[in-house]
Structure formats: C-alpha cells, structure tokens
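Engineer: I'd like to ask some things about the structure below.
The values are calculated or read from the model by the stated rules, or taken from the named source; none is laboratory data. Treat the numbers as computed from the prediction; the structure is a model and nothing was measured. In this analysis, Cβ positions are derived from the backbone assuming ideal geometry, glycine residues included, and neighbour counts consider all displayed protein chains. We work out accessible area using only protein heavy atoms, side chains counted, and drop any ligands, DNA or RNA first. Shrake-Rupley method; radii C 1.70, N 1.55, O 1.52, S 1.80 Å.
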Amino acid sequence: RQLDYRFQHETGVPLARWIREYRVQRAAHLLRQGRSVTQVSQELGFANPYHFSRVFKSVMGVAPSHVVKELQGLHFSR
C-alpha cells in the first residue's frame, strides 16, 4: 500500500494503472514486430489471449487484432 501511495503521490497515476499501460504499450510494440496476439499475451503474462485483448482495448481503444491488421495492410501496400 505504501508503495502504491508513494508512487501515486509522485506521479499522479496509480501504480496498477501505470503497470497496465506499460504492458499494453509493450504489447503494441511486439505486435508491430509481427508477433501474434497469443504470443504477446503469453510473453507479457496475461491469463489468456481473451483477457489480454480486453485489457489492450480498454487502454488503446482498439483491439490488438486491429494493430495486426494495420501491419498486414502496410505489407500489402508496398
């Protein structure tokens, strides 16, 4: 509790939210490198791909599959 209190006091953001957002930013990076949703969810320690997708969408506003489709679109447009 004290760590959470101090972290929020210093940054203005609850520690759990910062960790969640960091993991999702990392996930977006890995997805853009061509990793699958399943690989990324496992690598970052999510319970399962469904849970990962829900968390990702709550932070980013789009599903992780949207990031994958954007990447695929870039490959086809070249």
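Engineer: Pop out the carbon and sulfur fraction of the accessible area of the chain as a percent, whole number, probe 1.4 Å. Could the numbers behind the result be given before it?
Structural biologist: Working: 3000 of 5790 Å².
Reported share for carbon and sulfur atoms: 52 percent.
Engineer: In nm, what is the difference between 0.36 nm times the number of residues separating Glu43 and Ser58 and their Cα-Cα distance? Before the final figure, lay out the partial values.
Structural biologist: Numbers: separation 15, 0.36 × 15 = 5.40 nm, distance 1.92 nm.
Additional length available on full extension: 3.5 nm.
Engineer: Could you report the range 29-76's accessible area per residue, 1.4 Å probe, as an integer in Å²? Present the calculation step by step, with values, prior to reporting the outcome.
Structural biologist: Numbers: 3080 Å² over 48 residues.
Computed with neighbouring chains in place, this is 64 Å² per residue.
Engineer: Continuing with the same structure: Could you compute the FRET efficiency for Lys69 and Leu15, with r as their C-beta to C-beta distance and R0 at 30 Å, rounded to 0.05?
Structural biologist: Plugging the Cβ-Cβ distance into 1/(1 + (r/R0)^6) gives 0.40.
Engineer: Residue by residue through the range 37-42, what is 3J(HN,Hα) from phi via Karplus (6.51 cos²θ - 1.76 cosθ + 1.60, θ = phi - 60°)? Round to whole Hz and write x for glycine and proline.
Structural biologist: The phi angles translate into 4, 4, 4, 5, 4, 5 Hz.
Engineer: Follow-up. Using a 10 angstrom cutoff on alpha carbons, build the Gaussian network for the chain and name the most mobile of Leu44, Leu30, Leu15.
Structural biologist: Leu15
Engineer: I would also like to ask the following. Using a 10 Å cut-off on Cβ atoms, rank the peptides 1-12, 48-59 from the highest mean neighbour count down. If you can, show how the numbers build up before the last one.
Structural biologist: Values: 1-12: 9.8, 48-59: 15.8.
Top to bottom by mean Cβ count within 10 Å: 48-59, 1-12.
Engineer: Another question about this same structure. Relative contact order for the chain: what percent, with Cα pairs under 8 Å and sequence separation of 6 or more?
Structural biologist: On the way: 53 pairs, mean separation 18.3, N = 78.
Once divided by the residue count of the chain, the mean separation gives 23 percent.
Engineer: Karplus couplings for the range 2-15 from phi (6.51 cos²θ - 1.76 cosθ + 1.60, θ = phi - 60°), rounded to Hz, Gly and Pro as x?
Structural biologist: 5, 4, 4, 4, 5, 4, 5, 4, 7, 9, x, 10, x, 4
Engineer: Separate question: Tell me whether the chain comes out rounded, prolate or oblate; compute the Cα gyration tensor, take square roots of the eigenvalues as a ≥ b ≥ c, and use a/c under 1.5 as the rounded threshold.
Structural biologist: Cα axes put the chain in the prolate bin.
Engineer: At 7 Å along Cα-to-Cβ for each site, give me the label-to-label distance between His29 and Phe7 in nm.
Structural biologist: 1.8
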